[in-house]
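Undergrad: My questions all concern the structure below.
Nothing in this text is a laboratory measurement; each read-out follows from the coordinates by a stated rule. Here the structure is a predicted model, which is why all the values come from computation and not from measurement. Every residue, glycine as well, gets a Cβ built from its backbone with ideal geometry; the counts of neighbours run over all protein chains shown.
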Amino acid sequence: MHRHPSYATIHPVNYFPVFFNLKDQPVLVVGGGEVALRKVLLLERSGARITVVAPEVHADLRTRAATGSLTHQAREFVPSDLDGARLVIVATSRRAVNRWIATLSEARAIPVNVVDDRDASRFIVPAIVDRDPVLVAISTGGTSPVLARRLRERLEAFIPKRFGEFALWLRGLRQTSVDRLRDTQQRRRFFETLIDGPAAQRFIEGDPRGALKIAQQLLATTATAPRALGTVTLVGAGPGDPELLTLKALRALQDADIILHDRLVSPAILDYARRDATLLSVGKSAGGHSTTQADINALLIEHARQGLRVVRLKGGDPFIFGRGGEELAALARAGVDFSVVPGITAALGVAAYAGIPLTHRDHAHSVSFVTGHADRDGKEPDWRALAAPGATAVFYMGLARLERIVQQLLEHGAAADRPAALVAQGTLPNQRVVTATLGTLAAAVAAAQLESPALLIVGDVVALQSTLAWFNVVGDADIPQSA
């Protein structure tokens, strides 16, 4: 088992998002044109003490200097202008001067932004959706200001104008909740219900008195209610692509206090979890460290009995080779409340991304899902039924036992020229598909050096893949990377 908070880094980022408190702090702006003016207008709202250094400045900057909202030094920049500065923004029209000032700022460990020169900047200024005190900052890492602006426009339409007032109203309820509610979990759930329920709607619609009445009623019922019982939600994470998560799965991840996840659940999916949730890896791996099923069952029960909202996150669908039934049976015996959020199972998702329809009225009238792992009791699947014509067989985790699976199908009547495919890293950007026949598949897979996780599909429908493939297909019409 591996425990880590959900804010653990899952991929490198170029910028660490922060909000500076610049109230009464000295900030230097070098340059006096329209670009400098835009930065000054933003800085003014933060309460910073602004000094603008430039021989000539925009008329609006002169007006602000005359009223005392900023200081204007009507001359060229000199290194001593950096003395005491907490932040520097450089916006002259001379690239060499800009980079010289940036180098001097770096030497003094002063954060510096050079407008339109990401490489010379220590920080960049994001696009902002302003619902003070709620601020939403949007950054594309300097790669596309137009994209950042488009995202801001969409969020402007989505986030109600009264959201800032609503945040201040919630702050006013904080001390009351501390006085009335006994623990952090109880207070968190009170505010979640408040924000997600009719009180928030009333406030945003302009009825703060109605919102307060609802909040007071909710506070009273929460304070007298018995301690909330923990719950377990069994969630299917889908075959890999994070965008194949269901909306219900996304809500469960964002509400969970702790998430017990399998090894093959991708970091991109785990990143949807609430930032202060605990992530606990309980994955199983062949030949490596594994958490026993009994241990997983015990952990689910233990955390639920602590009153936590537990998510058991499984790749694909929890009821398709995911031991979801075993875990729910253990929870039922322990008297723990549970629910299930289905996921797109690997057979469906991976086959779709590979361009292989699992059924087709001209080629396959049935489909079977089979585990590629050996049964612990030595039981074998019905190989004769799997080898029968007019059917599709999908083998989960089939790479390790590929040669035995192929041998059994051939021995039980499948033709050597029957189409077959192995799909590795299905639905992900690095998806690879190898198509062949049962007679040639092992050699083709060995030559391709595929790695798990991989799904084996056997049946006449595989022959359609060359026509129906659509995902990650390289063709003449593809746009070159240099474009």
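Undergrad: Would you pull out the residues with amide H under 5 Å of Thr371's amide H, same chain only if 5 or more places away, H placed 1.01 Å from N?
TA: Tyr396
Undergrad: Where the centroid of each part is defined by its Cα atoms, how far is the stretch 16-56 from the stretch 402-436 in Å?
TA: So the two Cα centres are separated by 62 Å.
Undergrad: Also, quick follow-up: How many angstrom lie between the C-alpha centres of the stretch 238-263 and the stretch 347-362?
TA: That distance is 24 Å.
Undergrad: Further question on the same structure: Report P(r) for the stretch 333-483: all Cα-Cα distances, bin width 5 Å, range 0 to the bin holding the largest distance, values in whole percent.
TA: That works out to 2, 9, 19, 21, 19, 13, 7, 5, 4, 2, 1, 0, 0, in percent per bin.
Undergrad: Tell me the mean residue ellipticity at 222 nm calculated for the chain from its helices only (DSSP H runs of n ≥ 4, each -39500 (n - 2.57), averaged over every residue, nearest 500). Write down the numbers at each step before the final one.
TA: On the way: 17 runs with 177 residues, N = 483.
Counting only the DSSP helices, I get -11000 deg cm²/dmol.
Undergrad: While we're here: Over all directions, how big on average is the projection of the convex hull of the alpha-carbon atoms in the stretch 26-125, in square nanometres? Don't skip to the end; give the middle numbers.
TA: Working: hull surface 22.1 nm².
So the Cα hull casts an average projection of 5.5 nm².
Undergrad: How big is the stretch 51-177 on each of its three principal axes, counting only the C-alpha atoms and giving the largest first in Å?
TA: Principal extents (largest minus smallest coordinate, Cα): 52, 36, 31 Å.
Undergrad: A follow-up question, please. Need one number: nm distance between label points at Ala66 and Arg149, each 7 Å from Cα along Cα→Cβ, rounded to one decimal.
TA: For Ala66 paired with Arg149, the spin-label model returns 3.1 nm.
Undergrad: Just need the relative contact order of the stretch 196-307 here, percent rounded to a whole number, with Cα pairs under 8 Å and 6+ apart.
TA: Value for the stretch 196-307: 23 percent.
Undergrad: Still on this structure: Please grab the % of Cα pairs in the chain that end up more than 31 Å from each other.
TA: That fraction is 62 percent.
Undergrad: With just the Cα atoms defining each centre, how far is the stretch 173-193 from the stretch 136-158? Give it in Å.
TA: 34
Undergrad: Let me ask something additional. Please list, in order along the stretch 82-89, the HN-Hα scalar couplings obtained from phi with the Karplus expression 6.51 cos²θ - 1.76 cosθ + 1.60 (θ = phi - 60°), rounded to whole Hz, x for Gly and Pro.
TA: Each residue's phi maps through the Karplus curve to give 7, 4, x, 5, 9, 7, 10, 10 Hz.
Undergrad: Here is a follow-up. From the Cα gyration tensor of the stretch 168-224, with a ≥ b ≥ c the square roots of its eigenvalues, which class applies: rounded if a/c is under 1.5, or else prolate if a/b is larger than b/c, or else oblate?
TA: Because a/c hits 1.5 or more and a/b exceeds b/c, the stretch 168-224 counts as prolate.
Undergrad: Just in the stretch 24-104: which GluC sites (Glu not before Pro) are loop by DSSP and have at most 14 other Cβ atoms within 10 Å? Walk me through the intermediate numbers first.
TA: Working: sites: Glu34, Glu44, Glu56, Glu76; in loops: Glu56, Glu76.
Answer in residue order: Glu56, Glu76.
Undergrad: So how much slack lies between Lys379 and Gln175, counting 0.36 nm per residue of separation and subtracting their Cα-Cα distance, in nm?
TA: Full extension from Lys379 to Gln175 adds 67.2 nm.
Undergrad: Do you know the Lys pair count in the chain for C-alpha distances under 29 Å, with sequence separation 8 or more or different chains?
TA: So the count of such lysine pairs works out to 10.
Undergrad: While we're on this one: Where the only charges are on Cβ atoms (+1 Lys, Arg; -1 Asp, Glu), what is the dipole of the chain about its Cα centre, to the nearest 20 debye?
TA: It comes to approximately 1660 debye.
Undergrad: Please figure out what share of the DSSP beta bridges in the stretch 347-468 is antiparallel and state it in percent, rounded to the nearest 5.
TA: The answer is about 75 percent antiparallel.
Undergrad: Please give the FRET efficiency for Arg45 paired with Gln216, using the beta carbon to beta carbon distance and R0 = 25 Å, rounded to the nearest 0.05.
TA: Calculated transfer efficiency: 0.15.
Undergrad: Related question: ³J(HN,Hα) across the stretch 68-76 via Karplus (A = 6.51, B = -1.76, C = 1.60, θ = phi - 60°), whole Hz, x for Gly/Pro?
TA: Per-residue couplings from phi come out as x, 6, 8, 10, 10, 9, 7, 6, 6 Hz.
Undergrad: Tell me, what is the percent relative contact order of the chain, built from C-alpha pairs under 8 Å that lie six or more residues apart? Walk me through the numbers before you get to the answer.
TA: Numbers: 821 pairs, mean separation 52.3, N = 483.
Rounded, it is 11 percent for the chain.
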